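Okay, structure first, notes after.
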Amino acid sequence: MADDEKAGEGSSRRTMLKIGVGVIGGGLGLIPLAPAIGYVAFPLDHKVTSSGGGFLPCGKRKGFGAEPVKVDLFADQVDAWQRSKDVKIGSAWVIELDGNLTAFSTVCPHLGCAIDFDPSAKKFICPCHKSFFSLSGAVEEGPSPRALDALDVKEDGDLVTIRYARFRQGTDAKEEV
Ligand code: FES
């Protein structure tokens with residue numbers, strides 16, 4: 001009986017030893033993989049897509065006046081491990097109001113459709129749910145909860161630049177996302 005108990009104790013000690021060696025060995029085996037795991041997991045806790053952020057050129061000052069002009073904005077984009085040059089990140093309507101340039105995002109504040117301009121009615125329109133906006137961007141009609149989203153514009157000599165941004169849709173308040 002005593003021999004059986006001793007044999008049992010010896011066996012469970014060996015089992016514990018094997019588990020301990022396995023755990024330590026497994027842990028040591030993962031050390032060389034740590035950089036690879038970090039590399040693969042990088043996008044999980046970092047902002048991996050970035051583009052623009054600064055002011056992007058959109059044209060010469062003399063190209064803009066009382067009639068809205070649609071411009072496309074391009075920037076280099078970093079998406080996880082990929083870097084792309086001159087990617088179109090968005091568009092804007094640029095108009096001169098009271099002598100100053102104003103730029104509106106072409107993304108409708110309601111649900112994100114593309115804003116168009118009707119030259120005969122002199123209004124910005126969203127064809128999706130029929131929102132109408134004045135030349136100064138105010139909502140005149142339709143379900144849009146707020147005016148067109150104005151973007152920051154700068155005149156740098158003869159060059160006009162815009163800081164492109166995206167805003168939360170469907171809310172009264174203009175909130176950059
Ligand atoms: S998305 Fe523009 S009115 Fe609905």
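Here, each number is a calculation from the coordinates, and none is a lab measurement. This structure is a prediction, so every number in the text was calculated from the model and none was measured. FYI the Cβ positions are ideal-geometry reconstructions off the backbone, even for glycines, and counts take in every protein chain you see.
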Quiz item: Based on the Cβ-Cβ distance from residue 138 to residue 159, what FRET efficiency comes out when R0 is 25 Å, to the nearest 0.05?
Solution: 0.30
Practice problem: Kindly list the residues of the range 128-166 that lie in the label zone of residue 118, defined by a backbone N under 17 Å from the point 7 Å along the Cα-to-C-beta vector. | Solution: 128-144, 148
Quiz prompt | Local net charge near residue 135, Cβ-Cβ under 12 Å (Lys/Arg +1, Asp/Glu -1) | solution = -3
Quiz item: Roughly speaking, what is the stretch gain from residue 11 to residue 96, that is 0.36 nm per residue apart minus the C-alpha to C-alpha distance, in nm to one decimal?
Solution: 21.9 nm
Self-check item: For the range 97-102, Karplus couplings with θ = phi - 60° (6.51, -1.76, 1.60), whole Hz, Gly/Pro x
Solution: 10, 6, x, 10, 7, 10
